[in-house]
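This report concerns only the one structure given below.
The values are calculated or read from the model by the stated rules, or taken from the named source; none is laboratory data. From a predicted model like this one, the values you see are computed outputs, not experimental measurements. All Cβ positions, glycine included, derive from the backbone under ideal geometry; neighbour counts span all protein chains shown. Only protein heavy atoms, including side chains, enter the accessible area calculation; ligands, DNA and RNA are left aside. Shrake-Rupley method; radii C 1.70, N 1.55, O 1.52, S 1.80 Å.
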Amino acid sequence: IESSFISNKTGEINSLSPLYLYTNQNEKVPNLNKEIWEKINDVVGKTTPENILDYIYAVLHSPTYREKYKEFLKIDFPRVPYPENKEKFFTLAKIGEKLRGLHLMTFPESNNLITTFPNGGTDEVEKISYKDEKVSINKDQYFGQVPEVSWNFYIGGYQPAQKYLKDRKGRKLTNDEIERYQKIIKVLFETDKLMKEIDKIK
């Protein structure tokens with residue numbers, strides 16, 4: 001089923017659409033429009049529901065696409081163009097798969113941290129600042145080697161690298177939270193690179 005609800009925080013209407021549905025006999029059935037799916041297969045050959053999802057995920061992360069349709073995207077569902085050919089489709093689907101894995105933090109690359117957290121201390125988030133690739137959380141401690149692109153990266157209307165720490169201001173970070181923040185920085189850095197790669201393909 002498709003479920004819509006209104007966010008308590010933003011007032012935005014959100015929709016959830018599962019990739020698969022299950023019958024009463026517990027059979028897994030793709031939740032795709034068959035006509036559209038067949039039309040895509042006619043152009044690119046046989047595809048899986050995951051291929052379709054990853055292609056869409058890549059297209060929606062194209063900076064050019066987002067800029068071109070930014071006003072339309074505020075009021076309606078995104079319109080995804082049909083793939084032009086097999087090569088482009090599967091190239092984009094591969095990038096979409098990587099992006100999806102990064103954002104779920106299941107892709108191994110998200111564990112290859114690029115930042116440091118060199119100094120001991122209270123681990124308490126007091127005053128947050130960014131300068132010279134350092135994100136300071138108090139007078140003694142900071143995350144080092146944080147790319148500016150990760151620090152300023154937007155998803156929707158907020159900046160994850162900044163919001164994560166602001167939401168924890170006034171309390172001590174756990175070891176898991178310190179590691180997770182470093183993973184977020186890595187994911188944002190890789191996302192920016194892949195988004196630029198998508199635009200080169202398109």
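At a glance:
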quantity: Any chance Glu97 is among the acidic types (Asp, Glu), at pLDDT 95 or above and within 13 Å of the chain's Cα centre (by Cα); calculated: yes
quantity: Candidate set from the range 140-157 (those that are surrounded by 12 or more Cβ atoms within 10 Å (Cβ to Cβ) and among the small types (Gly, Ala, Ser)); member that is farthest from the chain's Cα centre (by Cα); calculated: Gly144
quantity: Cβ pairs under 8 Å, 6+ apart, first in the range 40-54 and acidic (Asp, Glu), second at pLDDT below 95; calculated: Glu50/Leu19
quantity: Residue check, Lys98 touching a residue at least 24 places away in the same chain (Cβ under 8 Å), surrounded by 17 or more Cβ atoms within 10 Å (Cβ to Cβ), part of a helix (DSSP H, G or I) and out of contact with any Cys (no Cβ under 9 Å at 6 or more places or on another chain); calculated: yes
quantity: One residue from Glu67, Glu124 being over 27 Å from Asn41 (Cβ atoms) and within 19 Å of the chain's Cα centre (by Cα); calculated: Glu67
quantity: Subset of the range 181-202 (residues that are open to solvent by 50 Å² or more (accessible area, probe 1.4 Å) and in contact (Cβ under 8 Å) with a residue 24 or more places away in the chain); calculated: Phe189, Lys196, Glu197, Lys202
quantity: Entirely in the range 1-90, the helices (runs of 4 or more DSSP H) that have 1 or more residues that are at pLDDT 90 or above and under 23 Å from Leu188 (Cα atoms); calculated: 49-60, 63-68
quantity: Pairs with Cβ under 8 Å, 6+ apart, first in the range 72-92 and farther than 17 Å from Asp42 by Cα and of a type in the set (A, V, I, L, M, F, W, C), second in a loop (DSSP other than H, G, I, E, B) and at pLDDT 85 or above; calculated: Phe72/Arg79; Leu92/Pro83
